[in-house]
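> Submitted below is the structure of interest, expressed as structure tokens.
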Amino acid sequence: MAEQNAAQVILARNVNKIFNPGSDEQVIALQDINLTVKQGEFISLIGPSGCGKSTLLRLIADLITPTNGELKINDKTPHQARLDRDYGMVFQAATLYDWRTVIKNVQLPLEIMGYPAHVRKTRAQEMLDLVELGKFAKHYPWQLSGGMQQRVAIARALAFEPSLLLMDEPFGALDEFTRERMNMELLRIWTRTGITVIFVTHSIPEAVFLSSRVVVMTPRPGRITQVVDVDLPYPRVFETRELPRYFELITTVREHLREAHGG
Amino acid sequence: MAEISASLPAFTPKSRAQRLREALRYYLPTVLVAFSVLVIWELAVRVLNIQQFLLPRPSAIFEAWFEEFQTFISGGGSILFQASGATLYSAIGGFLLGCGAGVFVALATARWTIISEAMMPFAIAANSVPIIAFAPVTNNWFGLTNPASKMAIVAVIVFFPTMINTVRGLTMVEPRQLELMQSYAARPWKILRALRIPNALPYILSALRVASALSVIGAVVAEFFGGPRATLGVYITQEAAGFNFARAWTGIIMASAIGISFYVVVLLVERWAMPWHVSFRKKS
Ligand SMILES: Nc1ncnc2c1ncn2[C@@H]1O[C@H](COP(=O)(O)OP(=O)(O)OP(=O)(O)O)[C@@H](O)[C@H]1O
Ligand SMILES: [Mg+2]
């Protein structure tokens, strides 16, 4: 790894994404996106519905391509990064396969990528234990609650140890209590593995608590209006939520969001 | 989950008597309905004095069947059972050929969506054609008494619904599930194996269920156009022409029994192949 370059996981320069350009249904989903993300950062994307958070994630994942602008993942084109399996993605919906048991779902990427059977088994079980679903390995997805399904999706995204984790509102379906536990869990995984995380959320406190930086976005057209550095101490613990600085940052992010809304 | 585990301590294995009683409660209504239909049928024929060529008594049908059954188990060549065997052979042979070819063609063209999509209108049109009308033609091709002539008709009848359903199952994949595969940079054949084929399984098996019923119908009707004496279609027409209506009805009963058993077998295969499917999930 070339140290000075390897540090830059995502580089976006003047990226635009226009859906159905030229037609009546033309939507400028993203305009002039400039963003650099360094290795090991935890970035939250926050903003009202329709501001292009999922679109930005899907651009990074090479599930769609930018209309123009420059986008680099680990100094490669997004396409090459996808072929190199540089990222794991947790979609807005869990997207588990009905016909596979929970553990077989977690094994899916390992199967596709040709890991040997014994590695698949042990790795998948480890990942399930990590999201506290070790006992549900033999269940089918429909036997789990929505929140549990989402945790399986997280275990699946982590299974092949990608260096970049893209998460689209992974905890949207969880209750407050489970959500806080999963936040701690995610931070633990992040600290332990040094993975880079891009995390979409609608919750300001969650974004502040988890992130090293919070990216505030606005809709129509989708743009980045502010990037807030979160200077809360590590490790983030239960008491972090009681720090005055924590509340200050929440207020800052909230105000940026409100400004963006023109209110 | 909470409800299940909460009810666990109260769980005790059911005794044999208990299970028997439950089975009885489950099947009793069906048995009662069948029994009453037979009784009403029997009474109606006797009281209304219905001519036997219109509708024989169930008891007469049963007598005729039992006679054949006794010859059969005593090893003295029962033509009814021989005919049932022959028809079953044609039906299963045609089923395997036609369904096998249907699934194969769908899989072979799955890689090239354009080809399978181009084929679909023709397949759907062909599926609406009364293929059974070609029975005289296949009789000429393979020979009237050659079981291949019946198998060919059955195979063509079941080929189209199987192929159409398989193509649908392979292509009607949720976009999100496909995106997941893309995010793994999965090769097309891995997508086929890990996503498209499992996705198509319910479609294929429901096609097979339909095909199982169609294949028995196809075989019997194809035999109406002629064939060896020992086939159900020929047996039914000949006995009816000879005014042996109770015996003709034994042929109909055997054809029905074959059709239903075949259907049930496919249903069991379906359960075994996809225990995860919505329709088999336990309610409790
Ligand atoms: N495939 C598509 N075709 C056309 N327009 C699209 C498509 N995907 C997204 N859009 C449009 O792009 C804009 C941004 O959508 P996106 O899904 O990225 O929003 P989001 O920030 O993720 O919203 P949410 O918080 O509700 O998930 C929306 O106006 C949407 O209508
Ligand atoms: Mg979204």
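The values are calculated or read from the model by the stated rules, or taken from the named source; none is laboratory data. These figures come from a predicted structure and were not determined experimentally. Note that each Cβ is placed from the backbone with ideal geometry, even for glycine, and that neighbours are counted across all protein chains shown. Quick note on the areas: whole protein, heavy atoms, side chains included, nothing else; ligands and nucleic acids left out. Shrake-Rupley method; radii C 1.70, N 1.55, O 1.52, S 1.80 Å.
> Please state which one of B:208, B:178 is within 12 Å of another protein chain (Cβ to nearest Cβ) and open to solvent by 30 Å² or more (accessible area, probe 1.4 Å).
Result: B:178 is the single residue among B:208, B:178 that is within 12 Å of another protein chain (Cβ to nearest Cβ) and open to solvent by 30 Å² or more (accessible area, probe 1.4 Å).
> For the list (1) in a helix (DSSP H, G or I); (2) within 16 Å of ligand 1 (Cβ to nearest atom), I need the number of the one condition that residue A:92 fails.
Result: residue A:92 passes all but (1).
> Another question, if that's okay. Every residue in the stretch A:9-66 that is in contact with a Leu (Cβ under 8 Å, 6 or more places away or on another chain), within 11 Å of ligand 1 (Cβ to nearest atom) and outside any strand (DSSP E or B), please.
Of everything in the stretch A:9-66, those that are in contact with a Leu (Cβ under 8 Å, 6 or more places away or on another chain), within 11 Å of ligand 1 (Cβ to nearest atom) and outside any strand (DSSP E or B) turn out to be A:47, A:48, A:52, A:53, A:55, A:56, A:57, A:59.
> Looking only at the stretch A:185-206, count every residue that is at pLDDT below 95, within 13 Å of ligand 1 (Cβ to nearest atom) and not polar (S, T, N, Q) and tell me the total.
1
> Let me ask something else about it. Tell me whether the stretch A:230-249 contains one or more residues that are away from every other protein chain (no Cβ under 14 Å), within 16 Å of ligand 2 (Cβ to nearest atom) and not hydrophobic (A, V, I, L, M, F, W, C).
No.
> Within the stretch A:192-207, is even one residue open to solvent by 10 Å² or more (accessible area, probe 1.4 Å), assigned by TED's automatic domain parsing to the domain that holds residue A:45 and among the aromatic types (Phe, Trp, Tyr)?
The answer is no, given that none of the residues of the stretch A:192-207 is open to solvent by 10 Å² or more (accessible area, probe 1.4 Å), assigned by TED's automatic domain parsing to the domain that holds residue A:45 and among the aromatic types (Phe, Trp, Tyr).
> A further question on this structure: Would you mind stating whether residue A:184 is more than 14 Å from every other protein chain (Cβ to nearest Cβ), within 16 Å of ligand 2 (Cβ to nearest atom) and either open to solvent by 20 Å² or more (accessible area, probe 1.4 Å) or touching a residue at least 24 places away in the same chain (Cβ under 8 Å) (or both)?
No; evaluated as a whole, the condition is false for this residue.
> When the residues of the stretch A:87-107 are filtered to those that are over 21 Å from residue A:182 (Cβ atoms) and open to solvent by less than 20 Å² (accessible area, probe 1.4 Å), which remaining residue is farthest from the other protein chains (Cβ to nearest Cβ)?
In this case the residue turns out to be A:107.
> Name, by its number, the condition in (1) touching a residue at least 40 places away in the same chain (Cβ under 8 Å); (2) at the interface with chain B (Cβ under 10 Å from one of its Cβ atoms); (3) within 30 Å of residue B:279 (Cβ to Cβ); (4) out of contact with any strand residue (DSSP E or B) (no Cβ under 6 Å at 6 or more places or on another chain) that does not hold for residue A:113.
It fails just one condition, (3).
> For the subset of the stretch A:50-79 comprising residues that are away from ligand 2 (no atom under 16 Å from the Cβ) and within 10 Å of chain B (Cβ to nearest Cβ), which member is surrounded by the fewest Cβ atoms within 10 Å (Cβ to Cβ)?
In this case the residue turns out to be A:79.
> Testing residue A:45 on (1) away from ligand 2 (no atom under 16 Å from the Cβ); (2) open to solvent by less than 40 Å² (accessible area, probe 1.4 Å); (3) modelled with pLDDT of 95 or more, one condition comes back false. Which one is that?
All conditions pass for residue A:45, except number (1).
> Does residue A:171 count as without any contact (Cβ under 8 Å) to a residue 60 or more places away in the chain and within 16 Å of ligand 2 (Cβ to nearest atom)?
So residue A:171 passes the test.
> Related question: Would you check if residue A:86 is over 30 Å from residue B:197 (Cβ atoms) and more than 16 Å from ligand 1 (Cβ to nearest atom)?
No.
Conditions tested, residue by residue: (1) under 19 Å from residue A:235 (Cβ atoms); (2) away from ligand 2 (no atom under 16 Å from the Cβ).
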{"residue": "A:161", "(1), (2)": "no, yes"}
{"residue": "A:178", "(1), (2)": "no, yes"}
{"residue": "A:190", "(1), (2)": "yes, yes"}
{"residue": "A:205", "(1), (2)": "yes, yes"}
{"residue": "A:218", "(1), (2)": "no, no"}
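> Another question, if that's okay. Identify, please: which residue in the stretch A:12-27 is in contact (Cβ under 8 Å) with a residue 12 or more places away in the chain and surrounded by 17 or more Cβ atoms within 10 Å (Cβ to Cβ) and is, among those, nearest to ligand 2 (Cβ to nearest atom)?
Filtering first and then ranking leaves A:17.
> Based on what the data block shows, is residue B:106 among the aliphatic types (A, V, I, L, M), open to solvent by less than 20 Å² (accessible area, probe 1.4 Å), out of contact with any strand residue (DSSP E or B) (no Cβ under 6 Å at 6 or more places or on another chain) and within 22 Å of residue B:189 (Cα to Cα)?
yes
> May I ask you to say which residue of A:165, A:144 is of a type outside the set (S, T, N, Q), under 15 Å from the mean Cα position of the chain (by Cα) and either within 11 Å of chain B (Cβ to nearest Cβ) or open to solvent by less than 10 Å² (accessible area, probe 1.4 Å) (or both)?
A:165
> Could you list, in sequence order, all residues of the stretch B:181-205 that are more than 8 Å from every other protein chain (Cβ to nearest Cβ), open to solvent by less than 30 Å² (accessible area, probe 1.4 Å) and among the aliphatic types (A, V, I, L, M)?
B:191, B:200, B:204, B:205
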